[in-house]
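The values are calculated or read from the model by the stated rules, or taken from the named source; none is laboratory data. Treat the numbers as computed from the prediction; the structure is a model and nothing was measured. Here the Cβ is made from the backbone with ideal geometry for all residues, glycine too, and neighbour counts use every protein chain on show.
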Number of protein chains: 2
Amino acid sequence: MIRARLLKGNFQDSVTLMVLSRDLSALPEVVRVSVMMGTPANKDVFRETGLWVDLLAEASPNDLCIVVETDGDDETVADAVATQVRDRLTELAKGTRKARYPVVRSWRRAREANPKANVALISVAGQYAHGLAHEALESGMNVMIFSDNVGIDQERDLKTFARDHGLLVMGPDCGTAIVGGAPLAFANRVPSGPIAVVGASGTGIQELTCQIARRGMGISHALGLGGRDLSEKIGGISAETALDLVAADPATRVVAFVSKPPAAAVRATLLDRMAKLGKPVVALFLGDRPARRDFADVHLARTLDEAAALAVELAEIDALARDLPRPKGQGIRGLYTGGTLAGEAAALLAEALDLVPDGTHAEGFMLRTERHRIVDLGDDVYTRGRPHPMIDPYGRNELVHALAADADCGVLLVDVVLGFGSHVDPAGELARAVEEMRAARGDAPPITVVATLTGVADDPQDLAVQSQKLEDAGISIAGSVRAAVLLALRLLTPPGAASGTPPALLAAPAAVINIGLRSFADDLAANGVDTVHLQWEPAPEGAERLRHLAASLV
Amino acid sequence: MIRARLLKGNFQDSVTLMVLSRDLSALPEVVRVSVMMGTPANKDVFRETGLWVDLLAEASPNDLCIVVETDGDDETVADAVATQVRDRLTELAKGTRKARYPVVRSWRRAREANPKANVALISVAGQYAHGLAHEALESGMNVMIFSDNVGIDQERDLKTFARDHGLLVMGPDCGTAIVGGAPLAFANRVPSGPIAVVGASGTGIQELTCQIARRGMGISHALGLGGRDLSEKIGGISAETALDLVAADPATRVVAFVSKPPAAAVRATLLDRMAKLGKPVVALFLGDRPARRDFADVHLARTLDEAAALAVELAEIDALARDLPRPKGQGIRGLYTGGTLAGEAAALLAEALDLVPDGTHAEGFMLRTERHRIVDLGDDVYTRGRPHPMIDPYGRNELVHALAADADCGVLLVDVVLGFGSHVDPAGELARAVEEMRAARGDAPPITVVATLTGVADDPQDLAVQSQKLEDAGISIAGSVRAAVLLALRLLTPPGAASGTPPALLAAPAAVINIGLRSFADDLAANGVDTVHLQWEPAPEGAERLRHLAASLV
């Protein structure tokens, strides 16, 4: 038997009611209990799930509907459940009264309670989200819409309005964000740091921020876009705004982007925007299998863990680059004793700068453009009649010396290969050659030298001693050829817009007006975020219709 | 002025002479000094570098040629240089007498000195390498040819012979190997461990072994193939032998392969062999940009650091899998609360097993084959009328319970998402559901549960507490969705041929007969490797001609 009870004029958020429904369904006397507000959508759910009774027809969106299914036909069970619902809600309301943030009942009061509030967090039922978001945007606030079931035309309307007014709309269906350190909705308490995460994927953003944190790095901001932002219809409006924001933010040094593969037209615009961002960008288009990995300073990842690792690597390289002087010369020279290492450096540089590596390898050149040159000194042309440069550093040292007169050279890439068979002190030899070259260079702009060290602690040359010799000579050590190439590129084109004032939204922790799920306000306040909770209820049906009519007449 | 002196019948290895040449070229009285054996190739070099004098025509390959260029025409300078050469070589010979390994002058003596020697390390001038390598193979020894300038037909001849006799030829132009812990030629003293490195790239192998060591893992063996092994002409003969060796080696759990992109025909055979190896293989074809990354248990990398990281990850997963029981059911089920995490698991599983992910996502299925199923429980179909599963674990728990009757399920993949907004104890809820499911399953084969944890230490649920709850319930924790999928695949198809006796070559440190560069013997002996040095000299020209004649008559 199915019975219903209504609690008129008692609006509650859906999550509270769902948990309540579940708990009460566990009572021994009942088969199941469903407690929802009397919205048309919820009435449909009652019908579809076989819980419809005619009394529900009377319910308005502000009326609480309690539907109880029992095995028998004991009327009192439904009354007992209704009493329990009332008691539980009274309990919750007591909690509310203890809240350490203002709870208000109108937009006007909310604005008065915190005139500096810059983000409205909206988690009411989808059909009401558009109107509330518009009100927030009109008051000059940015908006995060947690709610789903917002029409795509409404989404475009909101995002177009926001773009025209320099505001950001995160969502609809945006589950997570961290703005100026304030965690919004579903978010992890990750340390702050140099990586901004932007994305149209809730758990994707959460997993990225956590993986970055687990690798010892932190997050500047995490901006959600909503799952449809990169569709053709929306055209990535919020993605573009979010990228503009993090580009202008001095705290952000690296950007990690995650979404499903964008619509073709949106993808081109988006990648172009990323390439011109002036900061390294890791882009993960979920399920995509890009053939090319790096172009300009955009790095395509294929999995969440790879995206996190790449972002952390780029942030580490950025930190290393900041400690080094910016070279004046724009050319990269590579003088490698290991052919594979030279080949990898050439291939990565060619991919990043869209150059063609030297396929003929004439004279040992693995890359030979007007600006950049990478040479394999183990090539026959260098070893004919003399020992391999891993055994005898003499040949490379001569080429290092010759850089004294190379005005265009900004960065020199080299390898130091330890182990049996190799020279007894390759780092010492290289360090001496570099010092002599620097002395001979005189007033010419200095060359930054970046070395990779192939070796382990137990090698006869002693890795620690060799590292120290390089460091003492002012030679930077990169952890891999890939890291060395990224560092060289970073040195030649440091991130732009790195100083100056941050955009208003990112300058400080968000100050939030929360509308909908009460627990979001609790979490915000517990994190020291300036919070106002707007205890919102849908207007009575007539008033709503009148409001729409009035709006259509404007 | 250019003068020459000959030291008749005084054979020395080329590296010694090159270093000598370089040192003597630094003398103030000379422009340059070149000291080489009188081989036809070296005579060409004298001609090409403008150091030819007619006296050199008399020199045989066993005669030491000393050519001195001076500014003036003081005859005595050349004599003084010749004296210095003689003195330096006498010094070196004294060192030889102190050697702690047998030095012999014939193959017969070498074999007698160590009948167990199983590797001949050959670094004489290229034109002599083929003959010596053949002698070694005929005595049943494996061969590493460090020398370059060996003809490709000779290489094919040697490798074909070796294959027919169950032997391995590493090289020609093979710079590095580690066989049973013995470092051959250019090699690093890396710790021993579960990863075998096989490759046709010298510094590539060295860098890989070092990067693996730096990530805390070790090397079982490193087998070099020589740069031309994967050409169409050679057809990857040594690659195939090397892969067979490491496949049969119980100490090897993961294989990392590095080479330039193989010839098309070779590539197909090679990848097929790798896919059937029964062990995870990381393949790095330098400069290649594969669109697909995983197929079967072959994982394509794009850079040296990525290859090392992948190999280490696979070895870690293998170690984790060895501690878990092998599931009987062959199906993978994924019950994810995060849509992106479900999507990534489905995409990776589909890529590895060559399946088609579910594009329609009907009923939240991201992958739906007869055997494997991955579901996004955040899909509308699961959240209509109930809270998102990240808030309320009830829905997933029901599906976990249902697995009690799922006979085909071997591995269950799940996510646990912490942070604000999420359930207060998602791990505790999951642990309880899993324990109940296991109890209900009774005698049915157990299901291995692998979870990812999205969260950080400061999250309100406390990452450490949540991890502990999973571990206490016997739920394995993977570091990423990718790791979880790899672990699931590993559990369902554990590496084959993992027990049994290793192939003879890999059963113990190589015992080496060294022919050519003396320093290689010194390094081997210093590493405790059983070493015999064969002090080899080219036969006088007449004798050589006679030997060839005799050989052609057989």
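Key figures for this structure:
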| item | result |
| --- | --- |
| Every residue from segment B:139-149 that is surrounded by fewer than 24 Cβ atoms within 10 Å (Cβ to Cβ) and more than 14 Å from B:PRO115 (Cα to Cα) | B:ASP148, B:ASN149 |
| Subset of segment A:317-336 that is small (Gly, Ala, Ser) and more than 14 Å from every other protein chain (Cβ to nearest Cβ) - its residue that is surrounded by the fewest Cβ atoms within 10 Å (Cβ to Cβ) | A:ALA319 |
| Selection count where residues are within 15 Å of B:GLY180 (Cα to Cα), away from every other protein chain (no Cβ under 11 Å) and assigned to a helix (DSSP H, G or I), scope segment B:501-524 | 4 |
| Failed item in (1) modelled with pLDDT of 95 or more; (2) in contact with an Asp or Glu (Cβ under 8 Å, 6 or more places away or on another chain), with A:PRO393 passing the rest | (1) |
| When residues of segment B:337-360 are limited to those that are away from chain A (no Cβ under 11 Å) and more than 33 Å from the chain's Cα centre (by Cα), the one modelled with the highest pLDDT | B:THR360 |
| Failed criterion for A:GLY9 (all others in (1) at negative phi; (2) surrounded by fewer than 20 Cβ atoms within 10 Å (Cβ to Cβ) hold) | (1) |
| Number of positions in segment A:121-139 that are within 23 Å of A:PRO183 (Cβ to Cβ) and in contact with a Leu (Cβ under 7 Å, 6 or more places away or on another chain) | 6 |
| Any hit, segment A:427-448, residues being in contact (Cβ under 8 Å) with a residue 40 or more places away in the chain, under 29 Å from B:GLY287 (Cβ atoms) and under 35 Å from the mean Cα position of the chain (by Cα) | yes |
| Count of segment B:35-76 residues which are out of contact with any Cys (no Cβ under 8 Å at 6 or more places or on another chain) and assigned to a strand (DSSP E or B) | 6 |
| Residues (surrounded by 18 or more Cβ atoms within 10 Å (Cβ to Cβ) and within 14 Å of chain B (Cβ to nearest Cβ)) located in segment A:234-281 | A:ALA256, A:PHE257, A:VAL258, A:SER259, A:LYS260 |
| Search result, residues across segment A:410-432 that are closer than 18 Å to A:ALA473 by Cβ and buried (at least 24 other Cβ atoms within 10 Å of the Cβ) | A:VAL411, A:LEU412, A:LEU413, A:VAL414, A:ASP415, A:VAL416, A:VAL417, A:LEU418, A:PRO426, A:ALA427, A:LEU430 |
| Failed item, numbered, when B:ARG302 is tested on (1) in contact with a strand residue (DSSP E or B) (Cβ under 9 Å, 6 or more places away or on another chain); (2) more than 13 Å from chain A (Cβ to nearest Cβ) | (2) |
| Scan of segment A:407-433 for residues that are in a loop (DSSP other than H, G, I, E, B), within 14 Å of chain B (Cβ to nearest Cβ) and hydrophobic (A, V, I, L, M, F, W, C), ordered by number | A:LEU418, A:VAL424 |
| Subset of segment A:182-201 [surrounded by 24 or more Cβ atoms within 10 Å (Cβ to Cβ), at the interface with another protein chain (Cβ under 9 Å from one of its Cβ atoms) and not in a strand (DSSP E or B)] | A:PHE186, A:ASN188, A:VAL190, A:SER201 |
| Residues of segment A:136-171 satisfying the condition of being at pLDDT below 95, in contact with a helix residue (DSSP H, G or I) (Cβ under 7 Å, 6 or more places away or on another chain) and under 12 Å from A:LEU121 (Cα atoms) | A:SER147 |
| Among (1) away from chain B (no Cβ under 12 Å); (2) in a strand (DSSP E or B); (3) under 20 Å from A:GLY126 (Cβ atoms), the one test that A:ALA177 misses | (1) |
| Residue match in segment A:157-169 (condition: within 10 Å of another protein chain (Cβ to nearest Cβ), in contact (Cβ under 8 Å) with a residue 40 or more places away in the chain and either at positive phi or among the aliphatic types (A, V, I, L, M) (or both)) | no |
| Selection status of B:LEU349, in contact (Cβ under 8 Å) with a residue 60 or more places away in the chain, touching a Pro at 6+ places or on another chain (Cβ under 9 Å) and not hydroxyl-bearing (Ser, Thr, Tyr) | yes |
| Positions within segment A:438-461 being in contact with a Leu (Cβ under 8 Å, 6 or more places away or on another chain) and within 14 Å of another protein chain (Cβ to nearest Cβ), in sequence order | A:ALA451, A:THR452, A:LEU453, A:THR454, A:GLY455, A:VAL456, A:ALA457, A:ASP459, A:PRO460, A:GLN461 |
| Residue match in segment B:479-494 (condition: touching a strand residue (DSSP E or B) at 6+ places or on another chain (Cβ under 8 Å), modelled with pLDDT under 95, surrounded by 15 or more Cβ atoms within 10 Å (Cβ to Cβ) and more than 25 Å from B:GLY329 (Cα to Cα)) | no |
| Among the candidates A:THR369, A:THR383, residue that is of a type in the set (Ser, Thr, Tyr), surrounded by fewer than 22 Cβ atoms within 10 Å (Cβ to Cβ) and more than 10 Å from chain B (Cβ to nearest Cβ) | A:THR369 |
| Restricting segment A:19-51 to residues that are out of contact with any strand residue (DSSP E or B) (no Cβ under 8 Å at 6 or more places or on another chain) and at the interface with another protein chain (Cβ under 9 Å from one of its Cβ atoms), the residue that is surrounded by the fewest Cβ atoms within 10 Å (Cβ to Cβ) | A:GLU48 |
